[in-house]
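Everything on this sheet refers to the single structure shown next.
Please treat every number below as a calculation from the coordinates, not as lab data. Only a predicted model underlies this, so the values are computations on that prediction, with no experimental measurement involved.
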Amino acid sequence: MVTSQPTQGLVGVPDALSLRGDLSKVYSRSFVAGNLPAHLSNKVSQTIARCVRQNFPGVSLQQDSLKEPDGAAIGSGLGTMYVDSLTSLL
């Protein structure tokens, strides 16, 4: 679990920000760029899907897996963004 201390800019924000909710939805986006083959982002997406389904059955999962267009990136790379939604009050 990740914990943090509120900053001065968050003074007055409801305490619900610190309440932990249950995992309700997961979104992931895996991508490759440059000379890397597109199947690498598909493998990453499959691994994420397997882990989410094994550890959090019943959680909604949305995924994108893509190869960036030629010229959209400098060099080659592989990356993943992972965003989850919780059932907290906010």
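In plain terms, the chain from residue 46 to residue 62 could stretch by 4.6 nm, reckoned as 0.36 nm per residue minus the Cα-Cα distance.
The value for segment 17-60 of Rg(Cα) / (2.2 N^0.38 Å) is 1.51.
Taken one residue at a time, the phi angles of segment 43-55 give Karplus couplings (6.51, -1.76, 1.60, θ = phi - 60°) of 5, 4, 4, 5, 5, 4, 4, 4, 5, 5, 5, 6, 8 Hz. Gly and Pro are set to x.
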